[in-house]
Amino acid sequence: MYLPSAFRQDDLAELHRQITASRLASVISQGPGGLQASHLPLLLVEGEGELGTLYGHFAKANPQWRELAGGDQTLVIFNGPDAYVSPSWYPAKAEHGKVVPTWNYIAVHAYGQAEVFDDAKRLLQLVSRLSDQHEAGRAQPWAVSEAPRDYLDSMLRAIVGFALPIQRLEGKWKLGQNRSSADQFGVQAGLSASHDPRDQEMAARMHPVT
């Protein structure tokens with residue numbers, strides 16, 4: 001990932017928070033058939049390895065898991081909030097007009113080599129933890145244990161799990177840090193005034209320095 005120093009995020013706790021907040025990841029690998037990508041919910045286990053370990057599962061019919069089993073490096077992308085930035089929000093526009101549109105966004109890239117598994121006990125633990133994570137906060141959270149056991153066993157036979165210890169972690173917080181404080185405040189105000197909740201989320205993530 002192109003990573004200018006102004007946008008680089010190295011704080012491990014912040015990177016982990018974004019991974020957990022990004023509910024759907026893109027898992028990208030390259031094998032004999034070329035590039036493959038799957039979009040999966042993943043579980044981050046902090047403290048397991050220096051940078052944490054990612055867990056997820058593929059449908060057994062998805063051939064991409066075989067590429068992960070081959071030991072090649074895998075890239076996992078977690079996207080955070082993003083927003084279009086209008087030049088009209090820059091005070092600099094009124095001063096000299098030398099402004100153009102851009103895009104603010106947050107993204108985390110994780111790299112590693114995965115271990116693939118189909119052990120029913122490990123798979124059950126994985127899908128239970130994933131479900132618990134995404135059911136948390138619901139008034140009546142559903143649990144994997146509520147499904148009939150014979151049905152659950154058939155579902156587990158149809159998936160393949162993987163564990164990916166993170167070997168390299170990159171974070172890019174492109175929030176206008178290369179602009180003047182006045183321009184950053186202008187963008188934040190413009191995004192805050194938007195009716196789009198995605199724009200408002202991006203505004204909340206900006207922290208202009210006075």
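Worth pointing out:
- For the chain: accessible area per residue (Å², 1.4 Å): 55 Å²
- ASP10 sits with roughly 110 Å² accessible to a 1.4 Å probe, with DNA, RNA and ligands left out of the calculation.
- Across segment 132-145, coupling constants 3J(HN,Hα) worked out from phi with the 6.51/-1.76/1.60 Karplus curve, θ = phi - 60°, read 4, 4, 8, 8, 4, x, 6, 4, 10, x, 7, 10, 4, 5 Hz, and Gly and Pro carry x.
- Among ARG129, ARG122, the order of accessible area from largest down is ARG129, ARG122, computed with a 1.4 Å probe on protein heavy atoms.
- Summing Lys and Arg as +1 and Asp and Glu as -1 over all other residues whose Cβ lies under 9 Å from the Cβ of PRO165 gives a net charge of -3.
- Along each principal axis, Cα extent of the chain, largest first, Å: 68, 44, 30
- List TYR111, TYR151, ordered by accessible area with a 1.4 Å probe, largest first: TYR151, TYR111
- Over all pairs of different C-alpha atoms in segment 54-118, the reciprocal of the mean inverse distance, the Kirkwood hydrodynamic radius, equals 15.5 Å.
- Solvent-free Debye calculation, one equal scatterer per alpha-carbon of segment 1-106: log10 I(q)/I(0) at 0.12, 0.14, 0.19 Å⁻¹ equals -0.59, -0.73, -1.07.
- Helix 181-192 and the long axis of the chain differ in direction by around 60°, with both axes built from C-alpha atoms.
- With both labels modelled 7 Å from their Cα along Cα-to-Cβ, the GLU146 to GLU95 distance reads 5.7 nm.
- To put it simply, the accessible area of segment 80-177 at a 1.4 Å probe is 52 percent carbon and sulfur.
- Length gained on full extension, ASP118 to ASP11, computed as 0.36 nm times the residue gap minus the Cα-Cα distance: 35.1 nm.
- Surface listing: VAL108, VAL99 arranged by accessible area from highest to lowest gives VAL99, VAL108, probe 1.4 Å.
- Cα centre as origin, Lys/Arg/Asp/Glu Cβ charges: segment 1-120 dipole, Debye: 600 debye
- For the pair segment 128-201 and segment 26-55, the centres of their Cα atoms are 14 angstrom apart.
- Overall form of segment 1-62 per C-alpha gyration tensor (a/c, 1.5; a/b vs b/c): oblate
The values are calculated or read from the model by the stated rules, or taken from the named source; none is laboratory data. A quick note: this is a predicted structure, and the numbers were derived from the prediction, not measured. Heads up, the Cβs are rebuilt from the backbone with ideal geometry, glycines too, and the neighbour counts pull from every protein chain shown. Calculation scope for accessible area: heavy atoms of the full protein, side chains included, ligands and nucleic acids excluded. Shrake-Rupley method; radii C 1.70, N 1.55, O 1.52, S 1.80 Å.
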